[in-house]
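**Q** Below is the structure I would like to discuss, written out as structure tokens.
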Amino acid sequence: MKQFQLSTWIYSLLLALLLAAQSADAADVVRIAVPPTVMSLPVYVATERKFFEKHQVNPVLIECSSGQDCIKALGQGKADLASSSELPVMFAAYYNNPVSVLATLVTNKDDLKFLVSRNLLQNGRLSLAGKRIGYVPKSSSHYYMDTFLLFKGVDPQQVIKVPMAASELPQALQQGRVDAISIWEPMAEQALQLGGRDIVQVDAPRLYTQTFNVSVRNQFKNKHAAQVRGVMKALSEAVDYIRDYPSRAQALLLRKKMVSQEHIEKNWNDYTFRMTLQQSLVSTLQGQARWAMREGHVQNNLPKEPEYLNYIDASFLREHKSDQVDFVYR
């Protein structure tokens, strides 16, 4: 009888320990929405090098087709953190979604490309009026398209805008379903490879410096501040690792088949990996907000411009990298 009671006690103890361990693991799980782009490299490095685990975070990566979809997943509670350009955050603020930018991880002045079918070039001149242009709505692709058109002296209302998912754009241009596309890397490289000599990149000055940021759902940061701190420390280590060991970081991209060696050799120096919060981020968001209102991309009855300082939380970055916050955020 005593032996039976002892066995029961041991079984109950082991079961309690197992449940406690599972509960602890579940508490440390952080869902991070991430789009497949070089700009997401800090997240991939932190995962492969186990920097997340080092800081008591169990990461679950949720892959989405674009930063816009990642921020949408964040707003819907399907992710706890997300990486994206600043533009989806601008739209999220217009609709008062409870999200906050924690830090910028990387900037790039030449990540967006405008590609056209070669037959749009007539005697070296580009003809865009009335043409079909593929883009990803409410993303950096959308903003760059309008900026590029205005730079070329084309009224954005004079073209036929064809919204679609980022993954569809390269094939749509190659198949002739659109005449041009506005897209980021590595989709631009894929489109050029698919189209061969029939697809041309239109050169333009660097019209737009894109930031790629990590954002958090406010409810998550308020309840799980320790996990957010862990994520920030892991990503900080990843950014430093990319700068210190660029060839190893590049090898990770090649293993994931995200870009080619040729792309790395041609474009690597365009990426600036640095964890920071710059005043220019707010200026960019404000400029994009005016664009969104002017072009009718948000409802007219919404406020003219959100207060973007309310959508940036520098407290976590300030804890361990205060010198990288260049003005007073909340």
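**Q** Give me the distance between the Cα centres of the range 219-294 and the range 107-133, rounded to whole Å.
**A** The distance from the Cα centre of the range 219-294 to that of the range 107-133 comes to 27 Å.
**Q** While we're here: Structure shown: which of Lys109/Lys138; Lys50/Lys223; Lys266/Lys304; Lys223/Lys304 lie over 30 Å apart, alpha-carbon to alpha-carbon? Before the final figure, lay out the partial values.
**A** Working: Lys109/Lys138 19 Å; Lys50/Lys223 24 Å; Lys266/Lys304 40 Å; Lys223/Lys304 32 Å.
In this structure, Lys266/Lys304; Lys223/Lys304 exceed 30 Å between Cα atoms.
**Q** Quick one: of the DSSP bridges fully inside the range 66-200, what percent are antiparallel, nearest 5? Before the final figure, lay out each step's value.
**A** Numbers: 9 of 15 bridges.
Close to 60 percent.
**Q** Note down the relative contact order for the chain as a percent, whole number, built from C-alpha pairs under 8 angstrom at least six residues apart. Write out the running numbers ahead of the final one.
**A** Details: 555 pairs, mean separation 79.0, N = 330.
The normalised contact order for the chain reaches 24 percent.
**Q** Moving to a separate point now. Amide H of Val162: which non-local residues (sequence gap of 5 or more, or other chain) have their own amide H closer than 5 Å, using H built in the peptide plane?
**A** Ile133, Gly134, Tyr135
**Q** What order do you get for 176-183, 292-299, 73-80 when each peptide is scored by the mean count of other beta carbon atoms within 10 Å, highest first?
**A** Values: 176-183: 22.5, 292-299: 14.4, 73-80: 19.8.
Per-residue Cβ counts within 10 Å, averaged per peptide and sorted highest first, yield 176-183, 73-80, 292-299.
**Q** Could you report the accessible area of Arg31 in Å², rounded to 10, computed with a 1.4 Å probe on the protein chains as they sit in the structure?
**A** 70 Å²
**Q** Name the long-range amide H neighbours of Val29: under 5 Å, sequence gap of 5 or more, or other chain; modelled H, no Pro or chain starts.
**A** The list, which skips near neighbours in sequence, is Asn58.
**Q** Leaving out ligands and nucleic acids, note down the accessible area per residue over the range 173-233 with a 1.4 angstrom probe, in whole Å². Numbers along the way, then the final one.
**A** Numbers: 2630 Å² over 61 residues.
On a per-residue basis, 43 Å².
**Q** Can you give me the orientation-averaged projected area of the convex hull built on the Cα atoms of the range 135-217, in nm²?
**A** Numbers: hull surface 25.2 nm².
The Cα convex hull of the range 135-217, projected and averaged over all directions, gives 6.3 nm².
**Q** Rounded to a whole number, what % of the accessible area of the range 265-313 do carbon and sulfur atoms account for, probe 1.4 Å?
**A** It is 42 percent, rounded to a whole number.
**Q** I need the peptides 197-208, 146-157, 126-137 ranked by packing, meaning the mean over residues of other C-beta atoms within 10 angstrom, with the highest value on top. Don't jump to the answer; show the numbers that get you there.
**A** Details: 197-208: 13.6, 146-157: 15.4, 126-137: 18.6.
Packing proxy ranking, top to bottom: 126-137, 146-157, 197-208.
**Q** Please find, in a Gaussian network model of the chain (springs between Cα atoms separated by less than 10 Å), the residue of Phe220, Phe91, Phe52 whose mean-square fluctuation is greatest.
**A** For the chain, modelled as a Gaussian network with Cα springs under 10 Å, the answer is Phe220.
**Q** Here's a follow-up. Each residue of the range 73-87 in turn: what ³J(HN,Hα) in whole Hz from Karplus with 6.51, -1.76, 1.60 and θ = phi - 60°, glycine and Pro shown as x?
**A** 4, 5, x, 8, x, 8, 9, 9, 9, 8, 10, 6, 6, 6, 5
**Q** Also, I was wondering about something else. Per residue of the range 283-298, what does 6.51 cos²θ - 1.76 cosθ + 1.60 with θ = phi - 60° give for ³J(HN,Hα)? Whole Hz please, x for Gly and Pro, Karplus curve as stated.
**A** Computed from phi, the couplings for the range 283-298 are 4, 5, 4, 5, x, 5, 5, 5, 4, 4, 6, 5, 8, x, 8, 10 Hz.
**Q** On to the next question. In angstroms, what radius of gyration and Dmax does the chain have, counting Cα atoms only?
**A** Rg then Dmax for the chain, in Å: 22.6, 97.
**Q** How large is the direction-averaged shadow of the alpha-carbon convex hull of the range 174-213, in nm²?
**A** Values: hull surface 14.4 nm².
So the Cα hull casts an average projection of 3.6 nm².
**Q** Further question: Tell me the angle of helix 140-151 to the major Cα principal axis of the chain, expressed in degrees between 0 and 90 and rounded to the nearest ten.
**A** 20 degrees
**Q** Here is a further query. Accessible area, 1.4 Å probe, largest first: how do Thr47, Thr211 sort? Write out the running numbers ahead of the final one.
**A** Numbers: Thr47 45, Thr211 15 Å².
In descending accessible area the options line up as Thr47, Thr211.
The values are calculated or read from the model by the stated rules, or taken from the named source; none is laboratory data. Predicted model, so just to flag it, every value in this text is computed and none were measured. Methodologically, a virtual Cβ is constructed for each residue, glycine included, from the backbone with ideal geometry; neighbour enumeration extends over all protein chains shown. Each accessible area value is taken on the protein alone, full model and side chains, heavy atoms only, with ligands, DNA and RNA left out. Shrake-Rupley method; radii C 1.70, N 1.55, O 1.52, S 1.80 Å.
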